[in-house]
Each structure stands twice: as structure tokens, then as C-alpha cells.
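The values are calculated or read from the model by the stated rules, or taken from the named source; none is laboratory data. Remember, predicted model here, so these are calculated numbers, not experimental data. Cβ: placed from backbone, ideal geometry, glycine included. Neighbour counts: every protein chain shown. In case anyone asks, the SASA skips ligands and DNA or RNA and just uses the protein heavy atoms, side chains included. Shrake-Rupley method; radii C 1.70, N 1.55, O 1.52, S 1.80 Å.
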Amino acid sequence: MRKALRWLLALAVLIGTLSTAGAATAAEPEATGPTGTTAVTDIKDRLLSIPGMSLIEEKPYTGYRFFVLNYAQPVDHRHPSKGTFQQRITVLHKDVSRPTVFYTGGYNVSTTPSRREPTQIVDGNQVSMEYRFFTPSRPAPADWSKLDIWQAASDQHRIYKALKAVYTKKWISTGGSKGGMTATYYERFYPRDMDGVVAYVAPNDVVNDEDSAYDRFFKTVGTKECRDRLNAVQREALVRREPLEKKYQAYAAENGLTFDTVGSLDRAYEAVVLDYVWGFWQYSLLSDCDAIPADAATATDDEIWNSVDTISGFSAYADQGLETYTPYYYQAGTQLGAPTIHFPYIEKKYVRYGYQPPRNFVPRSIPMRFQPSAMRDVDTWVRHNARHMLFVYGQNDPWGAEPFRLGKGAKDSYVFTAPGLNHGANVAGLVPDQKTLATARILQWAGVASASVQADPSAARPLARFDAKLDKRDLEREPTLRP
């Protein structure tokens, strides 16, 4: 009898953990004040009353409450009874009467309080999600077939349903780069959840084998002087392969780097060098070209090495550099796709491997098969069904060479490009009329646009004051995808 009772209790806990809307809307604990009025329950208690939610830590920040939490998620949302894993999320709590921004970078979640641009604009709460399979949010054992865009969107859907009972006002989803892609995929699969989407610098590799847009981009980006400098340094790094690889061997030995996944130090070296031009435009501005050696042919080996290492990073394709990003390369090789570019200014004899496929950056023990229909499906949906979606790109960002586009079926949606900006492009960097329009639409979607803003979008301004610490955005150093 006791065994049966324990089994029933365990089953009840499992069902409570895996339920979605029903569990999230369970009655909240209340306290009665001395005058008989009902006091508001502490926000931490409300969050932890959600089945499956547990506290890792709370960190103080003036004007907010900041929580690092775990949330129990099914490994497979199609078969939720087949195991769970702990997914890490954070909550930057302002007030339950404010709108909420749902952010993901598509990678690990930061456990330091920060505020994304839409959160500052609407002066709201922010929920941030760690993407599944980025440690520690990885099932054990890891069934990599359960890492796809639908499963990740379903993670977001469950978190939203669980927290909607606490944060009942409007919700806006956002993210940058892979996070912008993630916000878009979430909208595609669960279009009724969010009231608006702000996707920053989100690549859209619809046809994985057709990447001529990137070659066209690199022919015209920036100025000819800057392009010539970068191209010359990249070429020189391959011309001087032998002496620089000796330096690389010493660097690897000193730092304990190994190259089992990519196959050899030589392959890793070329991959780093071929990332150089792309990496510069992704993370730097045209003004940074002054730091590039002006004459690569007469530059010392150390000058060539330091320039490449600063921009591309010689640890990137070592096992130790690849390990963190295994889920990313896995998705690039199974659904997301990855760009191929050519190097017409480098003689073929110097390029041994070219841009290597994502398969080369994922351990061979993990099976991979590309699904060409995944991105075509999302692209078609966005063109014909986008509603309350804003895409922001940087003019000098390579990832913007293949952007999302809107068709006739899109409603109240926009694609804007910030002049001169890179992979860190944002609403604040748009030209004035687009900046105010984008700000006004975000406020409107979040339900906090004033009457004056609704009448005149040019009056739109962020509702929260800029906080140099909270709003500081370090441009996330993400790996350069390769097919």
C-alpha cells in the first residue's frame, strides 16, 4: 500500500511538473493584512509556486529583483513523459503591472542582471532563457535529435504559459543573431503567445547551397582601402603558413589545446584565418580599420599573428573552443544552414580546405543530417504571416546579407537597417524616422504607448532611463557559421 502511495505521489509530481497552462494558473498564496485586506505575495514566492520552478540564486539590483532559476522541461515536447531536464532562466522583475520582454541569445544565459533594448523601451520585466543543450541546460544523456527549432520554441512556449499567470500584461519576444532567429522561430510555431517580436541581426539562410549574397556583400562593404587591408592580411597569413603554424603549435602546447574534432592543427589554422575578414565586419566598425596592418607584405609575423588572433581567435577551432558551441554547430548542420564565401584575392594553392562544413566542428559520435525544408518553412511563414514583427540589421554586418523579408501577407511588420553598424545594430542606431517609428510600434505592441505617441510616432522615446551598467551590451562573440 505504501509503495502504491509513493508511486502515486511521484506520478502527481511528474504530472505537475510537465503540465503547462493548467499548472501555471494554480491559485497563488495570499496573506491577510491587519485590516482584512489581501496583501500581495512576494514575487519570489509567486515564481517558486509554479510547478517545476526552483531557485538557484537571487542577486540584488536597485529598482529590480533578479532571479536565476531552473525550470523543469520535457526532453521531448511530443512525448513529455519520457524524461525532463533543468533549463536555466533568469527573471529581471520590475512590476507585475508592467509588460514583459522574453529574451534569448540562442546560447547560454547570462546570470548577471542586464536589460535588453526592448526592456528599456517599455520599462518592463525581462525573462531570459538559456537555449536547450547549452550546458548546464542539457539533458543527460543527451539525445541530440531533440535539439531542433520546434523543441526550442516549445521550451519558450511552456515558460511563457507558466509565467503568464504572474506577468499578465503584454509580452514582447526579442533576441540578437541566433537569438533573433530563435524569436522568429518561436513566433512561427506559437504565433498567439507574443504581442510583438523584435529580432536583431537575424540571419535567414533559406537555401543553404546558394550563398552568392555573401560574396556580393564582401565586394562592396566599407571602403576599398579597408577591404584591401583586410584581404591582404588574410592572404599573408596563408602565405606564411609554415612559420605561423609553428607559432600556433607553441601556442597550443602552452594553452593545452587539442584538435581532435576538426582533425588537425592545420585545419584549425586555416579555419581561423578564413574567418578573419568576416569576423572584422561582424564585430568591428569601419573606423577600426586603422588598427589593421597597412602593408601586410612588410608586416612582421607577430603583426600578422596578432591581427588574426585579435579578430578571429586562435583558440576558436581547438576542441576547447568548439565544445561550448557544439549545439550551435549541430543546428547549423541540421537545420539553420551556414554560409559559404569565396576568396578571389587568394591563390588557390594557399587554400587547402576552404570554408569547412559544420559537420567538421561537431564530434563524430553525434549523428547529423541536414533538413533543407526547415528554413524554407520559416521564411515562407514570415513573408506571408508576419504580424507585429520588427527586424533590425546592420549595414556592415555580413549576417545581414541574407535577411528576413516581408511579403504582402505581413501586417504591421518592418525590416530596418542601421547605417554603418555591425552585428550589434539596434533600434537606437536607426535613422531618426525609423528609430521613432520602431520605438512607437514596440510601445504600442507592449500596450504602453501614450496617447501622444499613438497620435504622433515621432514623440516616441524609451520609457526607462538609460542605465550604464544594466543596459551595457557587450557584443556577444559568436562563432562564424560555416556550411
*For the subset of the range 314-346 comprising residues that are under 18 Å from ALA237 (Cα atoms) and free of Cβ contacts under 8 Å to residues at least 60 places away in the same chain, which member is most open to solvent (accessible area, probe 1.4 Å)?*
PRO344
*asked:* So if I check each of ALA39, ALA24, which one is open to solvent by 40 Å² or more (accessible area, probe 1.4 Å) and either in contact with a His (Cβ under 7 Å, 6 or more places away or on another chain) or modelled with pLDDT under 90 (or both)?
replied: ALA39
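If you check TYR103 against the conditions, is it open to solvent by 10 Å² or more (accessible area, probe 1.4 Å), closer than 18 Å to ASP193 by Cβ and touching a strand residue (DSSP E or B) at 6+ places or on another chain (Cβ under 9 Å)?
On the way: open to solvent by 10 Å² or more (accessible area, probe 1.4 Å): yes; closer than 18 Å to ASP193 by Cβ: yes; touching a strand residue (DSSP E or B) at 6+ places or on another chain (Cβ under 9 Å): yes.
Yes.
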*asked:* I'd like the full set of residues that are of a type in the set (S, T, N, Q) and more than 18 Å from VAL415 (Cβ to Cβ), limited to the range 183-232.
replied: ASN208, SER212, THR220, THR223, ASN231
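Identify, please: which residue in the range 334-365 is assigned to a helix (DSSP H, G or I) and among the polar types (S, T, N, Q) and is, among those, farthest from THR182 (Cα to Cα)? Walk me through it before giving the result.
Kept after step one, since they are assigned to a helix (DSSP H, G or I), are these residues of the range 334-365: 334-336, 348-350, 358-361.
Keeping just the survivors that are among the polar types (S, T, N, Q) gives 334-335, 360.
Working: THR334: 15, GLN335: 12, ASN360: 24 Å.
Taking the candidates together, the pick is ASN360.
Determine whether VAL206 is closer than 23 Å to GLY106 by Cα and among the β-branched types (Val, Ile, Thr). Walk me through it before giving the result.
Details: closer than 23 Å to GLY106 by Cα: yes; among the β-branched types (Val, Ile, Thr): yes.
So VAL206 passes the test.
If you check TRP278 against the conditions, is it of a type in the set (A, V, I, L, M, F, W, C), surrounded by 22 or more Cβ atoms within 10 Å (Cβ to Cβ) and part of a helix (DSSP H, G or I)? Outline the logic, then answer.
On the way: of a type in the set (A, V, I, L, M, F, W, C): yes; surrounded by 22 or more Cβ atoms within 10 Å (Cβ to Cβ): yes; part of a helix (DSSP H, G or I): yes.
Yes; evaluated as a whole, the condition is true for this residue.
Inside the range 45-108, counting only strands (runs of 3 or more DSSP E) that do not spill past its ends, which hold 3 or more residues that are closer than 24 Å to ASP143 by Cβ? First the steps, then the outcome.
Numbers: elements: 53-61, 64-74, 84-93, 100-103.
The strands (runs of 3 or more DSSP E) meeting that bar are 64-74, 84-93.
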*Within the range 417-429, can one find any residue that is open to solvent by less than 70 Å² (accessible area, probe 1.4 Å) and under 19 Å from ASP211 (Cα atoms)?*
yes
